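Below you'll find the structure, written out as structure tokens, and then a few comments.
The values are calculated or read from the model by the stated rules, or taken from the named source; none is laboratory data. This is a predicted model, so every value here is computed, not measured. Methodologically, a virtual Cβ is constructed for each residue, glycine included, from the backbone with ideal geometry; neighbour enumeration extends over all protein chains shown.
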Amino acid sequence: MAPRPPKRRPTIADVAAAAGVSKGAVSRTFNGGARISAATRERIHAAAAQLGWMPSAAARAINGAPAQAIGLILRRPAELLELDPFFPAFLAGVESVLARHQYSAILRFVENAAQERSAYQQLIAERRVDGFLLNDLRQPDFRLKLLADQDARVVVVGKPGRGCPFPSVDTDSAAQVRQLLVHFIINGHREIAHVMGAPDLGHAKDRERLWRKTVAEFGLTPGNLEVGHFTAAGGAAATQKLIANKTRPTAIFYANDVMAVAGLAVLKDAGLNVPDDIAVVGFDDIQLASHTSPTLSTVRCDYRLLGRTAAELLLSTMAGNAVERQTLLPAEIRWRASN
């Protein structure tokens with residue numbers, strides 16, 4: 001038996017014929033044009049759905065129509081996505097808003113700043129997206145000027161500081177971190193160490209500065225600092241260095257829960273009791289934090305809400321609406337047994 005020929009892909013002409021309209025009417029319907037009645041639009045959409053036809057992104061760009069997509073470019077290894085407590089929840093929040101508005105997210109992973117710059121320029125030049133969400137702020141961050149010069153629609157996720165040309169949204173967690181550190185101090189801890197995240201990221205530096213400032217307010221010298229890069233392996237290695245130091249800490253503030261959970265395992269293997277020998281706190285409130293031994297005290301941030309809020313702000317910005325320059329979402333402490 002001869003092989004069957006491949007099924008022909010539907011065209012705009014097929015949709016027009018099925019709906020009983022011109023090709024121009026189909027084009028205007030999908031490109032946001034005027035002078036198309038609601039009944040005709042409904043008939044055209046029904047015909048397109050029945051045939052399985054959608055306009056290409058390239059055709060939409062040529063016609064000046066919205067791309068119906070936003071861009072999110074991440075300078076980090078793609079395999080870290082499943083290990084990071086932030087991005088799965090954040091992306092779920094973003095997608096819940098985009099799906100409701102029939103938008104898509106174009107997610108790109110890049111390895112360095114040159115690739116990052118090129119990815120933004122390509123998406124802008126090809127009109128593949130209508131706006132961007134900016135995560136993982138660095139200090140300084142070249143993307144702010146790059147996108148401002150392109151008149152791009154952007155919402156920054158994080159605290160960009162003064163002079164940022166775009167609206168931003170972040171979790172306001174400084175008071176909660178300070179409260180955890182003060183709890184260490186009023187319970188007699190004088191050697192309070194910190195396991196820092198990736199030093200090039202703004203939120204890692206913010207937590208380091210807050211640790212230094214808080215202990216200094218009470219006349220203490222900050223304890224030892226080790227870098228864990230927000231990973232379990234990094235947290236374990238950093239903890240091993242801290243407890244091997246001559247001035248072993250009596251308390252450790254980890255910049256995220258992934259590093260803290262790994263640190264708890266190292267402390268247990270070393271025969272140290274938490275919190276009697278060393279008290280521990282983290283940040284993020286991952287699910288595992290309430291199942292460690294002892295359970296982990298930490299700061300809870302609602303990253304799904306953060307994603308929803310960021311996406312809603314971006315869609316509103318792209319629609320030409322005025323939005324707040326800075327939106328801060330609440331955080332809270334989860335007091336458990338580790339401190």
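Those strands (runs of 3 or more DSSP E) of region 209-305 in which at least 3 residues are in contact (Cβ under 8 Å) with a residue 40 or more places away in the chain, considering only elements entirely within it, cover 251-254, 279-281, 298-301.
Return yes or no: is Tyr254 among the hydroxyl-bearing types (Ser, Thr, Tyr), closer than 21 Å to Asp170 by Cβ and within 19 Å of the chain's Cα centre (by Cα)?
no
Of the residues making up region 306-329, not a single one is over 26 Å from Ala99 (Cα atoms) and either under 18 Å from the mean Cα position of the chain (by Cα) or modelled with pLDDT under 95 (or both).
When you go through Ala13, Ala67, Ala34 one by one, which is the residue that is of a type in the set (A, V, I, L, M) and either assigned to a helix (DSSP H, G or I) or at pLDDT 85 or above (or both)?
Details: Ala67 fails: either assigned to a helix (DSSP H, G or I) or at pLDDT 85 or above (or both); Ala34 fails: either assigned to a helix (DSSP H, G or I) or at pLDDT 85 or above (or both).
None of the other options fit; the residue is Ala13.
Residues that are surrounded by 17 or more Cβ atoms within 10 Å (Cβ to Cβ) and more than 20 Å from Arg212 (Cα to Cα) within region 250-267 comprise Val258, Val261, Ala262, Gly263, Leu264, Val266, Leu267, listed in sequence order. The condition of being under 22 Å from Gln179 (Cβ atoms), polar (S, T, N, Q) and surrounded by fewer than 20 Cβ atoms within 10 Å (Cβ to Cβ) holds for only one of Thr247, Thr214, Thr221, that being Thr221.
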